[in-house]
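Structure first, commentary second.
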Amino acid sequence: MPILAEAFGAVAVIFNFIGYRQTDINRYRLISAVALLSVSVHFFLLGNAYAAGIGCLLACIRNVVATRYTGLPVLFTFVGLNIAFFIFELIYLDSSGIIIIAYASSLIFTVGSISLKSATAIRQWFILAELLGLIFAVLVGSIFGTIFNITNLCSILFTLYQERRRKS
């Protein structure tokens with residue numbers, strides 16, 4: 001199971017690397033949705049990272065929905081779903097308190113993906129979410145989750161640097 005889990009993590013890394021380089025917001029959302037679905041399967045297969053699996057699956061669905069609908073009802077729906085799954089996992093699945101890190105990351109991604117209209121703004125907003133995701137991946141022992149977040153952070157920072165150089 002760990003080899004299969006890490007294979008899904010590797011696929012997620014590749015798609016997210018491609019996604020963060022997109023300049024069209026909807027193309028970013030769709031490519032990112034594939035990466036999120038892959039990393040969601042990765043976390044579910046690990047067996048000890050359901051918070052990240054749920055958060056990434058919700059994020060996949062959210063990204064697809066956000067290509068067409070980005071209003072407040074969509075935002076409130078996905079924020080509410082994240083909070084509901086957090087409470088469910090904390091109370092009924094008796095998960096450890098570290099799941100708050102995964103759900104905080106998911107909420108930051110949710111608000112940014114639905115509210116922001118610029119790929120540059122999304123990259124800037126997602127730095128904190130990726131850092132939280134990195135902390136969670138390290139804590140649950142996810143090799144490709146860790147690589148996923150490190151490459152995402154590097155990709156974001158590099159792309160922001162390139163955009164800044166082009167403007168000056």
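The values are calculated or read from the model by the stated rules, or taken from the named source; none is laboratory data. From a predicted model like this one, the values you see are computed outputs, not experimental measurements. Note: ideal-geometry Cβ built from the backbone for every residue, glycine included; neighbour counts use all protein chains shown.
Taking R62, is it in a helix (DSSP H, G or I), of a type in the set (D, E, K, R) and without any contact (Cβ under 8 Å) to a residue 60 or more places away in the chain? Yes, satisfied. For segment 110-130, the tally of residues that are at pLDDT 90 or above and among the small types (G, A, S) stands at 1. Screening V138 with (1) free of Cβ contacts under 8 Å to residues at least 12 places away in the same chain; (2) more than 20 Å from A51 (Cβ to Cβ) gives one miss only, at (2).
Among the conditions (1) at pLDDT 90 or above; (2) touching a His at 6+ places or on another chain (Cβ under 8 Å), the only one that F86 does not satisfy is (2).
Residue-by-condition table, conditions (1) out of contact with any Leu (no Cβ under 9 Å at 6 or more places or on another chain); (2) closer than 20 Å to V41 by Cβ; (3) of a type outside the set (V, I, T); (4) assigned to a loop (DSSP other than H, G, I, E, B):
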| residue | (1), (2), (3), (4) |
| --- | --- |
| L93 | yes, yes, yes, yes |
| L107 | yes, no, yes, no |
| K117 | yes, no, yes, yes |
| R123 | no, no, yes, no |
| L128 | yes, no, yes, no |
| L134 | no, yes, yes, no |
| F144 | yes, yes, yes, no |
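Number of residues in segment 35-63 that are buried (at least 18 other Cβ atoms within 10 Å of the Cβ), modelled with pLDDT of 90 or more and among the β-branched types (V, I, T) equals 1. For segment 74-82, the criterion of being buried (at least 19 other Cβ atoms within 10 Å of the Cβ) and part of a helix (DSSP H, G or I) is met by at least one residue. Please state which one of T23, T70 is among the hydroxyl-bearing types (S, T, Y), within 17 Å of S155 (Cβ to Cβ) and not in a helix (DSSP H, G or I). Criteria check complete, one pass: T23.
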